[in-house]
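Notes to accompany the following structure.
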Amino acid sequence: MSTHVPAGYKWWTGGKSPYNVSYGKLMMWLFLLSDTFTFGALLISYGTIRVSQPYWPDPNHVYNAFPLMGHADLPLAFVSLMTFILIMSSVTMVLAVHEGHKRNRAGVEKWLLWTILGGFMFLGCQAWEWTHLITGSHPVLIDGVVKEIGTTISMNPFGPAVPGLMHDGHQVTVPGPIGFGSFFFGITGFHGFHVFSGVMLNILMYFWTRGGRFDRLGHYEMIEKVGLYWHFVDLVWVFVFLCFYLI
Amino acid sequence: MSNEIVIQHGVSEQEVHEHHEAHHHHETFITKYVFSQDHKMIAKQFLITGMIWAIIGGLMSVLFRLQLGYPDLQLPWLEDIFGHWAKDGKITPEFYYALGTMHGTILIFFVLTAGLTGTFANFLIPFQVGARDMASPFLNMLSYWFFVVASVILMSSLFVQTGPAAGGWTVYPPLSALGDASQGSKIGMDLWLVSLALFVVSSLLGGLNYISTILNMRTKGMTMTRMPLTVWALLFTAILGLLSFPVLFSGFILLLFDRHLGTSFYLSDIVISGTKILPNEGGSPILYQHLFWFLGHPEVYIIILPTFGLVSEVMSINARKPIFGYMAMIASMFAIALLAFLVWAHHMFVTGLNPFLGSVFVLLTLLIAVPSAIKVFNWLTTLWRGSIRFTPGMLFSIGFVSMFISGGLTGIFLGNSTLDLHLHDTYFVIAHFHIVMGVSAFMGMFAGVYHWFPKMYGRYMNNTLGYIHFWVTLVCAYVIFWPMHYEGFAGMPRRYYDYAGWESFKQFVELNRVISFAAILSFLVQLLFVFNFFYSIFKGRKVTSKNPWGANTLEWTTPIRPGHGNWPGEIPEVHRWAYDYGKDGRDFVPQTEPVGKDETSH
């Protein structure tokens, strides 16, 4: 079916795809457009609630832990690692798609496995970070009593400091805005669910590749479609990263 | 890379499948009628499911109109049917609110979105662009079955002890977020949210298919500007749904979290039942309204746009004239689709919205009047000096234009924030949106059903019953909704259970009775339509020629009862637009006919 496309070729005259993509790829692009609005709505909601609050915790202070590093203050170090892992998994996905173009089954399998590994590592990092936030308690002054609370969807220990009040060598604060945890867990959770779905799709792709399905079909376009989804989830993370950790 | 590229031809899975298995193609009852992947069958499934929902939703309005028209009436048989929901034969206030909420939800989402778009997008898109089926028949089937699951869940909420969701179809928090706040905010609300979330999935799957089919699968020669306006309208509808439903979905996720996980997205500083202080802090119920209306406003265009297309098509065919201003029609639909995303806050003028922001939304809202008026004038000029055939489909098309004008004009009142302060949440609003998107959309839908019934079932619907259906519906619609404008001007609020206690509204007792009478009558005449529909499937007059209306579009080039794949041979090639009626002395020229040498250009 390879043809030279003459100058002035008319793409919209019917009988062919105007964007020269299969309907499946077109559908994936349209789905991603739709999903952009899902995330867009969530992030804009987060923005409106955040700016309506008189006080918002400093991310450099909240996200400063690293596994096995004890109480060392390493602002954003761990999330940078997570982001790096996810971006590397996009690179390996590109390589899988590239091998698919060459119809090299072994190559596709190899790079899909690396992508799956990257996805799982990211999810593992997220699990660690969530656990650390939920279980890592801080002294907070509630109704005149100092209590140790962690960060959950309905509690937030990262409020303004109470001047001069210390507890076990830690600065005591008042409760922070509840929306902080609600939005953090809500949106990173929703994104994590997307990553999880992507990993599942990639595992499916791996088994289909191994089973020779795409060789029989004559093309590896399905890998490309899942790749589009994977890069999209990666891109969404960049925005989540920006909104929760950097700003 | 060189410019060596593979050109993707518009081929669906279905077509490939047909080629491979043309000789051993056998369908069971299950694959043909239940899990069908044929766009025609899926369209009929959507239509009949929508009709069942319309009867249920319509019956609900009859029940609450009984309360409004005859507040002192006691009907013991109501208690026999509804038990404690109609104690002493009188609808309880909780039941009344639930009825109103479910009536809105069912009619807006399940009938006029799924029932309307699901039917005509599935039926007409592949036919009119010249495709064997939807791009992905499998996802199309899933779309229908997600709709069924959503339906089953919503239906089941009618049977739980605490009743279905109540508090309005918009389910505003904090009322909807707090189970302790009312009966209708308990399990019924969860079922409502889950049902609607599944509905969004169904709508997404359908929309992806509609857009991909229209863009990718047009037959040879079918350029975008040769497509019938039905297809254009359905394309814009699908794009609106694709971009607005996900925002509603996000809003629902946050609402479910607030209900069950103790988050504070929409909640702040709440004392419930005068005693219990809730710990929620910092959320905003207004945030929900923004998310809701970002869908909610495009949603009304999702409802009305398909009927724009249906009416244009039916009207042009039955006036035996080309549609007036084809390109202007497309441009206005584009403008409406674009503006649909920029006007949502006109539903929120009384929320304490910044008046300056309000004025921006007033301007954008009033701008919609321009493309709407262009469309109305184009329909009227299409009728002008036409050789009109008054088929039931044509009558409903004309009725649609009448309703759209009447309802559209009151939209200009409501779009002004200053006037809206007075009219907000009154019967004026009820009258406005019922006329402009309720009755109008139904008129358009009926036009479509009467007109394409012969293509769906190979038989005609009964004309006499059709005429009775049309005239009674038209008269009743005006009798029901016209007086509501006056009630609204007088400040009569919507959603109240009983107006007898208000000195200001006692004058409307008789008027409310007239409205209720007309509402019940119009419900009964819809049952006549339902009878006509099912009777005609089996006993209607048979269609004897391929193209009974003398229409130009491709669906009338298929066999009277087309099989799976629509055309037995090759898909026809298209050489002209869809509206060559009364051209060069010829009554109609089908799209498949090549342009002659000395033919005038349109």
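What the table below lists for this structure:
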| read-out | value |
| --- | --- |
| The one condition in (1) modelled with pLDDT under 95; (2) under 25 Å from the mean Cα position of the chain (by Cα); (3) not in a loop (DSSP other than H, G, I, E, B) that B:G168 fails to fulfil | (3) |
| Residue in segment B:169-180 that is small (G, A, S), within 14 Å of another protein chain (Cβ to nearest Cβ) and buried (at least 22 other Cβ atoms within 10 Å of the Cβ) present | yes |
| Subset of segment B:27-83 [farther than 23 Å from B:M484 by Cβ, buried (at least 16 other Cβ atoms within 10 Å of the Cβ) and of a type in the set (S, T, N, Q)] | B:S36, B:Q37, B:Q45, B:T49 |
| Residues of segment B:448-472 that turn out to be closer than 21 Å to B:L524 by Cβ and of a type outside the set (V, I, T), as a count | 10 |
| Selection within segment B:158-203 - closer than 29 Å to A:F31 by Cβ and either out of contact with any helix residue (DSSP H, G or I) (no Cβ under 9 Å at 6 or more places or on another chain) or of a type in the set (S, T, Y) (or both) | B:T170, B:S176, B:S195, B:S202, B:S203 |
| Meets criteria (within 12 Å of another protein chain (Cβ to nearest Cβ), under 30 Å from B:P594 (Cβ atoms) and touching a Lys or Arg at 6+ places or on another chain (Cβ under 8 Å)) for B:R226 | yes |
| Helices (runs of 4 or more DSSP H) lying entirely in segment A:1-118 (those with 1 or more residues that are within 14 Å of another protein chain (Cβ to nearest Cβ)) | A:23-52, A:77-101 |
| Those residues of segment B:224-238 which are crowded, with 22+ Cβ neighbours inside 10 Å, assigned to a helix (DSSP H, G or I) and of a type outside the set (S, T, N, Q), in sequence order | B:L229, B:V231, B:W232, B:A233, B:L234, B:L235, B:F236, B:A238 |
| Residue tally, condition among the polar types (S, T, N, Q), closer than 30 Å to A:M166 by Cα and under 20 Å from the mean Cα position of the chain (by Cα), over segment A:87-145 | 1 |
| Residues being free of Cβ contacts under 8 Å to residues at least 12 places away in the same chain and not acidic (D, E) - total across segment B:510-537 | 2 |
| Helices (runs of 4 or more DSSP H) completely within segment B:89-158 that count 3 or more residues being in contact (Cβ under 8 Å) with a residue 24 or more places away in the chain and of a type in the set (V, I, T) | B:116-129, B:137-157 |
| Candidate set: segment B:363-377, residues that are surrounded by 21 or more Cβ atoms within 10 Å (Cβ to Cβ) and not small (G, A, S); chosen: the one farthest from B:M329 (Cα to Cα) | B:T365 |
| Of all residues making up segment A:200-247, the number that are over 30 Å from A:R50 (Cβ atoms) and either of a type outside the set (K, R) or not in a helix (DSSP H, G or I) (or both) | 25 |
| Which listed residue is charged (D, E, K, R) and in a strand (DSSP E or B), from B:D498, B:D587 | B:D587 |
| Check on B:S244, of a type in the set (G, A, S), under 18 Å from the mean Cα position of the chain (by Cα), crowded, with 23+ Cβ neighbours inside 10 Å and in a helix (DSSP H, G or I) | yes |
| Test: B:D258 is among the charged types (D, E, K, R), part of a helix (DSSP H, G or I) and within 12 Å of chain A (Cβ to nearest Cβ) | yes |
| Test: residue in segment A:177-195 that is at pLDDT 95 or above, small (G, A, S) and surrounded by fewer than 17 Cβ atoms within 10 Å (Cβ to Cβ) | yes |
| Candidate set: segment A:197-228, residues that are within 20 Å of A:V91 (Cβ to Cβ) and aromatic (F, W, Y); chosen: the one surrounded by the fewest Cβ atoms within 10 Å (Cβ to Cβ) | A:Y206 |
| Breaking point among (1) surrounded by fewer than 19 Cβ atoms within 10 Å (Cβ to Cβ); (2) within 28 Å of A:G124 (Cα to Cα), for A:Q53 | (2) |
| Unmet requirement for B:M189, which otherwise passes all of (1) touching a Lys or Arg at 6+ places or on another chain (Cβ under 9 Å); (2) within 12 Å of chain A (Cβ to nearest Cβ); (3) part of a helix (DSSP H, G or I) | (2) |
| Segment B:261-280 - residue that is more than 20 Å from A:Q53 (Cβ to Cβ) and of a type in the set (S, T, N, Q) and, of those, surrounded by the fewest Cβ atoms within 10 Å (Cβ to Cβ) | B:T275 |
| Segment B:264-294 - residue that is among the β-branched types (V, I, T) and outside any loop (DSSP other than H, G, I, E, B) and, of those, nearest to the other protein chains (Cβ to nearest Cβ) | B:I286 |
| Every residue from segment B:420-461 that is aliphatic (A, V, I, L, M) and in a loop (DSSP other than H, G, I, E, B) | B:M461 |
| Boolean, A:T173 is more than 29 Å from A:K102 (Cβ to Cβ), in contact with a Pro (Cβ under 7 Å, 6 or more places away or on another chain) and in contact (Cβ under 8 Å) with a residue 12 or more places away in the chain | yes |
| Filter pass, B:F249 being within 12 Å of chain A (Cβ to nearest Cβ), of a type outside the set (V, I, T) and not in a loop (DSSP other than H, G, I, E, B) | yes |
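Residue-by-condition table, conditions (1) within 17 Å of A:F158 (Cα to Cα); (2) of a type outside the set (G, A, S); (3) modelled with pLDDT under 95:
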site	(1), (2), (3)
A:D58	yes, yes, yes
A:Y63	yes, yes, yes
A:G70	no, no, yes
A:D73	yes, yes, yes
A:F84	no, yes, no
A:M88	no, yes, no
A:M93	no, yes, no
A:V108	no, yes, no
A:G118	no, no, no
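The values are calculated or read from the model by the stated rules, or taken from the named source; none is laboratory data. Small disclaimer: the values here were computed from a predicted structure and weren't measured. Cβ sites come from the backbone with ideal geometry, for glycine too, and all protein chains shown count toward neighbours.
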